[in-house]
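Here is the structure we will look at, set down as structure tokens.
The values are calculated or read from the model by the stated rules, or taken from the named source; none is laboratory data. No experiment lies behind these values; they were computed from the predicted model shown. Methodologically, a virtual Cβ is constructed for each residue, glycine included, from the backbone with ideal geometry; neighbour enumeration extends over all protein chains shown. Side chains are part of the model used for accessible areas, which takes the heavy atoms of the whole protein and leaves out ligands, DNA and RNA. Shrake-Rupley method; radii C 1.70, N 1.55, O 1.52, S 1.80 Å.
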Amino acid sequence: MIEEEEEEPKAIDFSENGRYLKFDEEIGRGSFKTVFKGLDADRGVAVAWCELQDQKLTRGERRRFKEEAEMLKGLQHPNIVRFYDYWEVTRQGKTGKPQKYIVLVTELMTSGTLKTYLRRFKTINPRVLKSFCRQILKGLLFLHTREPPVIHRDLKCDNIFITGPTASVKIGDLGLATLKNKSFAKSVIGTPEFMAPEMYEEHYDEAVDVYAYGLCMLEMATSEYPYSECTGPAQIYKKVIHGVKPNSFDKVESEEVKEIIEMCIRLKKEERPRVKELLAKEFFAEDTGFKVELAQRDALVNTDKNQVNFRLRVTDHKKQRKDKPAHKENEAIEFEFNIGEDDCNEIAMTLYKSGMLLSEDDAKKVAKMMENQISGLTKDREAAKVSAAEASAEQRVIKLAFKTC
């Protein structure tokens, strides 16, 4: 029996410089875009060839898009889909009239989107969810720390892509978000279910990406599309501007995950954490083989006590010195720390020298975890003082009102 050779895809278009080829193989389609498989002939690497319908851009909008597209070409990060090139083309349409398109060439992601992943598996393993969430935050941190900051504006599970071999995730469709914001009708600037309330007023900053990230996390935790109970954009808009959470929020099982989502989707953007603050949370800490926590942390929030106790838990026996007695699995080592006096790096190095940590690199990791714990406690104490002051002021107003009655 003679096996038939698999037919190679046929190139049906080329970039002007001949570097990029478009194959007759459609791999995705959206409301105003079609994505084909392509090839970077210079490198011999498969790429995504994305065609966008041109919505009659003005000269100013066209110039602005070109400036932003050039900026996007320079973005390189493990958790950002690479943006390689773009150009405009004019073709004769089916009606005989010339039609304009914008072509974007990007990195080809082999395993689909986070959205398709959720449809396939329904539930995400907690460790995988944590890993995906951490990677998305790293990508956002990279974007938000550019000069000037890059705002995605349309972050959602459909725009987050997965690479099969490494199970890493990357934020994509950056060029698309830029185009939609600058050149398309206001109704499609973002996706209503993921749009922060301030986006409707078009006065916004990086906080809109934090808001959308919270809803991505919600969808990952529940496999349910946010605000799926609403019948249309008008109902969603009404709930969003009044700070009404999606019904799926109550279905989140992990209290830790629920707390992070709640912080991200707060109505006032000033009350949402920045990406850097989210990454500093213990929930997103990478598995280093250690766990560092403050003893009786909740009780410490409402005090000014500077002397605290840290607990260091070695969760990986490979992180222990062989020439020292091994600690039992998950047994905690407790030690004192004076806020404002002691230095995290010095304490961690002492732990290393005493044999409780395996290497200086481990000591640096533990020191960083200690710093994050102290920083988090300080912020919580400040927030508790503000809340107490507001409650006290409210009580004074009530007493004054009773006196004048």
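Here is a yes/no grid of residues against (1) open to solvent by 60 Å² or more (accessible area, probe 1.4 Å); (2) among the polar types (S, T, N, Q); (3) in contact (Cβ under 8 Å) with a residue 12 or more places away in the chain; (4) not in a helix (DSSP H, G or I):
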| position | (1), (2), (3), (4) |
| --- | --- |
| Asn345 | yes, yes, yes, no |
| Tyr352 | no, no, no, no |
| Ala367 | no, no, yes, no |
| Ile374 | no, no, yes, no |
| Ala384 | no, no, yes, no |
For Ser15: the one exception among (1) surrounded by 14 or more Cβ atoms within 10 Å (Cβ to Cβ); (2) closer than 26 Å to Asp158 by Cα; (3) modelled with pLDDT under 90: (2)
Considering only residues that are under 16 Å from Glu256 (Cβ atoms) and either in contact with a Pro (Cβ under 6 Å, 6 or more places away or on another chain) or aliphatic (A, V, I, L, M) (or both), which ones fall in the stretch 273-291? Leu278, Leu279, Ala280, Ala285
Would you check which residues across the stretch 22-43 are basic (Lys, Arg), modelled with pLDDT of 90 or more, in a strand (DSSP E or B) and open to solvent by 30 Å² or more (accessible area, probe 1.4 Å) and list them? Lys37
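Matching residues to (1) at positive phi; (2) surrounded by fewer than 18 Cβ atoms within 10 Å (Cβ to Cβ); (3) not aromatic (Phe, Trp, Tyr):
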residue	(1), (2), (3)
Val45	no, yes, yes
Gly60	no, yes, yes
Ile80	no, no, yes
Tyr86	no, no, no
Thr110	no, yes, yes
Leu118	no, no, yes
Cys133	no, no, yes
Quick one: in the stretch 241-297, of everything that is out of contact with any helix residue (DSSP H, G or I) (no Cβ under 9 Å at 6 or more places or on another chain) and under 30 Å from Met356 (Cβ atoms), which residue is surrounded by the most Cβ atoms within 10 Å (Cβ to Cβ)? Ala295
What about Asp154, is it touching a residue at least 12 places away in the same chain (Cβ under 8 Å), closer than 26 Å to Asp205 by Cβ and open to solvent by less than 30 Å² (accessible area, probe 1.4 Å)? yes
For the stretch 161-189, how many residues meet the condition of being at pLDDT below 65 and more than 25 Å from Arg127 (Cβ to Cβ)? 15
Can you pull out every residue in the stretch 122-131 that is part of a helix (DSSP H, G or I) and either among the small types (Gly, Ala, Ser) or open to solvent by less than 50 Å² (accessible area, probe 1.4 Å) (or both)? Val128, Leu129, Ser131
Failed item in (1) within 25 Å of the chain's Cα centre (by Cα); (2) of a type in the set (Val, Ile, Thr); (3) part of a strand (DSSP E or B), with Val103 passing the rest: (1)
Enumeration of residues in the stretch 298-343 that are open to solvent by less than 70 Å² (accessible area, probe 1.4 Å), of a type in the set (Asp, Glu) and modelled with pLDDT of 85 or more: Asp342, Asp343
Test: Leu267 is out of contact with any Pro (no Cβ under 9 Å at 6 or more places or on another chain) and hydrophobic (A, V, I, L, M, F, W, C): no
